[in-house]
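What follows is calculated from the coordinates using simple rules that are stated; it is not laboratory data. All values reported here derive from a predicted model rather than from experimental measurement. In this analysis, Cβ positions are derived from the backbone assuming ideal geometry, glycine residues included, and neighbour counts consider all displayed protein chains.
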Amino acid sequence: MDDDIPYLLLTPGPLTTSRTVKEVMMRDFCTWDDDYNSIVTRIRARLVKLALGSGKTDEPNAAEAAYTAVLMQGSGTFSVEATIGSVIPPDGKLLVVDNGAYGNRIAQITERLNIPLEVIRQTETESADLEQIDQTLANDSAITHVAMVHCETTTGLLNPAAEVGRICTKHDKIFILDAMSSFGGVEMTMPEVGCQYLVSSANKCIQGVPGFGFVLAHRATFEKTKGWARSLSLDLFDQWFEMETKGGKWRYTSPTHTVRAFDRALDELEEEGGIAKRAARYRENNQLLIDGMRKIGFQSLVAAEHQSPIITSFIYPDDPKFEFVALYEAMKKRRFVIYPGKVSDVDCFRIGNIGHVFPEDIEELLKAIGEAVEELEIDLGTGAQAS
């Protein structure tokens, strides 16, 4: 573990960042300055390349010209709300797949915006029901858009985005993918997934810091949305048009330090070998974690075939003395920050393995968990059990 890092954040974001990403935030930028706005323009182009699996050439190819990117201040949820509130027409209707807290949040946003809504509600450990999505779209012609979370960090479950995209294409629906915790850490492209909109955040798998989210969009689809926004500050089209026509300028005050850090984080993603190499590291971290926790006596919540490489939920042990807060403090004392659970009917906690985290860090983590279990006298028996 890097001695410059006081804690290793094993969370779904904010997450542990490299020293070099932190260092670039020591320089201040003016939001009107051409040098700063050129960074914004460069970031937008680089995001499109990542979304299409393109190379490193400076000149966009025909496929890249068909897509665009827009940055939006705030947390990832701001970008999700900006998308939902801006790209669905006044007479549109949204179908939301809800199998976790973040799918549920999309439904809440839609209700608050008074957009007609249909929700497919499932348990938090159940993958998106493809047959039900297909049948719902066949039965309700009023639905114009479908929204789903790719990686539900509620549990760590990875939904079948490409399969849902094919169903949307079959029924001629616009697909909005919340790829908050997967973009940059799971190998995919927008054409492969079949989504017209992909939403993510600076402080996830790109390994930047909090402050803005971003939306990647199919240009021809997005250009039809002018005037549909239900908010001034979260008007996605107006934000994009400002950046598109004024050399990267934001409409309102932008998070300059975060933007600079993100640009450096994109450099480091390239230096690591791109998304394929980073995804391989995350998968290795995740497998080490699950195997090691099983040896200690903890059982993971999500079935292996639906488990993402991003974050894993572990079920509380069947020991009445077990308290998550005690385990959390014992781990923090050992420089590891883990995460409470967010599942409605199972007591569990979560451990993430994205960010500037490597297999040797996971090995140190497992050793520390073993020590904490012994210190707290937690009885794991033959393994953790569902409560």
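Worth pointing out:
- Rounded tilt (10° steps) of 236-245 against the dominant C-alpha axis of the chain: 70 degrees
- When you filter the GluC sites (Glu not before Pro) in the range 71-164 for DSSP loop state and at most 16 other Cβ atoms inside 10 Å of their Cβ, you are left with 126.
- Using C-alpha pairs below 8 Å separated by at least 6 residues, the relative contact order for the range 19-272 is 29 percent.
- Estimated inter-spin distance, residue 45 and residue 139, nm [label 7 Å along Cα→Cβ]: 4.9 nm
- Rounded if a/c under 1.5, otherwise prolate or oblate - the chain, Cα gyration tensor axes: oblate
- All-pairs alpha carbon distance profile, the range 120-209, 10 Å steps from 0, percent: 17, 49, 29, 5, 0
- Antiparallel DSSP beta bridges within the chain, as percent of all bridges there, nearest 5: 55 percent
- Calculated FRET value between residue 277 and residue 111, using beta carbons and R₀ = 41 Å, to 0.05: 0.50
- Fewest-first sequence of 262, 78, 222 by Cβ atoms within 10 Å of each Cβ: 78, 222, 262
- In degrees, nearest ten, helix 161-170 long axis to first principal axis of the chain (Cα): 30 degrees
- Cut-off under 5 Å, modelled amide H: who pairs with residue 181 long-range: 151
- Under Karplus coefficients 6.51, -1.76 and 1.60, residue-wise ³J(HN,Hα) of the range 94-99 in Hz, glycine/proline x: 10, 9, 10, 8, 10, 10
- Sorted ascending by nearby beta carbons within 10 Å, beginning with the fewest, 190, 243 become 243, 190.
- With the simple spin-label model, which puts each label point 7 Å out from Cα in the Cβ direction, the residue 358 to residue 61 separation comes to 3.2 nm.
- Among 30, 205, sorting on how many other beta-carbon atoms sit within 10 Å of each Cβ, with the fewest leading, yields 30, 205.
- The sum of -39500 (n - 2.57) across all DSSP H runs of n ≥ 4, divided by the residue count of the chain, sets its helix-only mean residue ellipticity at 222 nm to -12500 deg cm²/dmol.
- Ordering of 263-271, 320-328 by burial proxy (mean other Cβ atoms within 10 Å per residue, highest first): 263-271, 320-328
- Here's how it looks for residue 118: its modeled amide H is under 5 Å from those of 94, 95, 96, which are all 5 or more places away or on a different chain.
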